[in-house]
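These notes concern the structure reproduced below.
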Amino acid sequence: MNHSCGGKFYIKEVSALTGLSKQVIRKWEERYDIIQPVRHENGYRLYSEEDINTLLTIKSLQKKGFSIKQASNLAKEKLDTMENATVQAKTALDTELNYYVIQLMEIGYTCNELDLLIVLKQAYHFYGLEKFLTSVVSPFLQEVGDMWESGEWDEYQESVSSMVVKDFLVQIRRNFQYSDKAELVLGACLPHEYHEIPVHYILLRFMLRGWKTTLIGASPAPGSIQSLITRLQPVKVLLSASTTLPFEKDPDLLSTLDLFAAENKEIEFYLGGAGAMQYTKDKTINNICVTNSIEEILLTKQGKGS
């Protein structure tokens with residue numbers, strides 16, 4: 001890691017973390033007085049975590065249609081004064097990144113796997129599992145995805161960051177202790193779906209609440225999900241599709257799974273992920289709950305042994 005100035009960042013690092021050019025950062029700083037970097041003894045500007053969050057907030061608001069001037073004014077306001085602002089603006093201002101996420105973004109930019117793992121471990125031990133998942137893993141992966149989609153990160157940077165996070169979550173799940181009497185939640189990627197991190201994430205959230213979990217990983221063979229459900233008889237089944245590829249490859253997949261759910265009414269079936277939400281918008285599904293809300297799934301009734 002390059003920054004060693006007490007949590008301060010040089011403009012080159014700020015540019016890498018935010019996806020904003022150094023010229024844009026300087027222009028926003030001078031024209032709108034939105035950040036106040038300090039001067040290091042060598043004369044270089046040093047930016048704080050708050051400065052980085054302010055820049056990310058303005059960038060997010062700009063994408064939602066606000067002018068730079070509007071976005072900078074909103075970013076200057078305290079969260080408790082935002083009641084009369086738009087819902088979009090408040091949402092953007094509620095998603096600040098903590099120091100660990102900023103560190104991970106900086107390291108992910110350079111694709112240093114070992115340093116990524118070190119910071120993940122530090123954050124895990126600092127926060128505990130639940131807050132680690134919600135305050136570090138989720139926002140980090142969101143930022144990585146945004147950077148990749150915008151072209152500010154290349155495929156290798158996205159892949160390395162995602163891989164290290166996935167491997168760390170796998171390690172946590174393998175070492176997690178649960179009661180032999182715990183009821184079972186089965187999580188599965190759909191066939192042709194390779195993004196399994198969301199499944200690890202939600203299964204860990206369940207394990208924190210006393211559930212036993214089983215995972216069917218990336219792109220299982222057709223029919224294997226139904227076969228394992230029949231054999232294990234879980235209380236809940238969580239199906240994930242981050243892309244629409246599973247449904248494009250197998251147009252009958254959704255109806256097949258919905259029919260299978262109808263034949264197993266004692267089991268709760270859920271389907272989530274960006275691809276699933278997009279594909280099912282105009283589809284009729286009778287026996288599977290389509291949702292992207294983890295809290296909704298966690299709060300629904302548990303099985304008879306809970």
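The values are calculated or read from the model by the stated rules, or taken from the named source; none is laboratory data. Keep in mind it's a predicted model, so treat the numbers as computed, not measured. Cβ: placed from backbone, ideal geometry, glycine included. Neighbour counts: every protein chain shown. Accessible surface areas use protein heavy atoms only, side chains included; no ligands, DNA or RNA. Shrake-Rupley method; radii C 1.70, N 1.55, O 1.52, S 1.80 Å.
Data table
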| read-out | value |
| --- | --- |
| Residue among Ile229, Ile267, Ile294 that alone is under 27 Å from Gln142 (Cβ atoms) and in contact (Cβ under 8 Å) with a residue 12 or more places away in the chain | Ile294 |
| Selection within the stretch 171-188 - in contact with a helix residue (DSSP H, G or I) (Cβ under 8 Å, 6 or more places away or on another chain) and either open to solvent by 10 Å² or more (accessible area, probe 1.4 Å) or of a type in the set (A, V, I, L, M) (or both) | Ile172, Arg173, Phe176, Tyr178, Leu184, Val185, Leu186, Ala188 |
| Strands (runs of 3 or more DSSP E) within the stretch 189-306 that include 1 or more residues within 25 Å of Ser162 (Cβ to Cβ) and open to solvent by 40 Å² or more (accessible area, probe 1.4 Å) | 212-216 |
| Members of the stretch 47-66 that are among the charged types (D, E, K, R) and closer than 14 Å to Trp28 by Cα | Asp51, Lys59 |
| Single condition Gly6 does not satisfy, out of (1) assigned to a loop (DSSP other than H, G, I, E, B); (2) modelled with pLDDT under 80; (3) under 27 Å from the mean Cα position of the chain (by Cα) | (3) |
| Filter pass, Phe168 being over 13 Å from the mean Cα position of the chain (by Cα) and open to solvent by 60 Å² or more (accessible area, probe 1.4 Å) | no |
| Evaluation of Ile118 against (1) buried (at least 18 other Cβ atoms within 10 Å of the Cβ); (2) farther than 25 Å from Leu20 by Cα (one fails), failing number | (1) |
| Extreme residue, farthest from Leu204 (Cα to Cα), among residues of the stretch 226-252 that are in contact with a helix residue (DSSP H, G or I) (Cβ under 8 Å, 6 or more places away or on another chain) and among the aliphatic types (A, V, I, L, M) | Leu245 |
| Condition check for Thr230: closer than 20 Å to Leu184 by Cα, polar (S, T, N, Q) and modelled with pLDDT of 95 or more | yes |
| Test for Leu104: is it open to solvent by 40 Å² or more (accessible area, probe 1.4 Å), at pLDDT 65 or above and part of a helix (DSSP H, G or I) | no |
| Scope the stretch 18-64; condition touching an Asp or Glu at 6+ places or on another chain (Cβ under 6 Å) and not polar (S, T, N, Q); matching residues | Gly19, Ile35 |
| Inter-residue pairs, beta-carbon under 6 Å, first within 18 Å of Lys236 (Cα to Cα) and in the stretch 192-221, second buried (at least 20 other Cβ atoms within 10 Å of the Cβ) and polar (S, T, N, Q), 6+ apart | Pro198/Ser240; Val199/Ser240; Leu203/Thr213; Phe206/Thr213; Met207/Thr213 |
| Residue in the stretch 48-60 that is farther than 20 Å from Glu106 by Cα and at pLDDT below 80 present | no |
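Results for (1) part of a loop (DSSP other than H, G, I, E, B); (2) closer than 23 Å to Asp146 by Cα; (3) not polar (S, T, N, Q), shown as yes or no for each residue.
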{"position": "Ser15", "(1), (2), (3)": "no, yes, no"}
{"position": "Arg26", "(1), (2), (3)": "no, yes, yes"}
{"position": "Leu46", "(1), (2), (3)": "no, no, yes"}
{"position": "Ile52", "(1), (2), (3)": "no, yes, yes"}
{"position": "Ile58", "(1), (2), (3)": "no, yes, yes"}
{"position": "Leu61", "(1), (2), (3)": "no, yes, yes"}
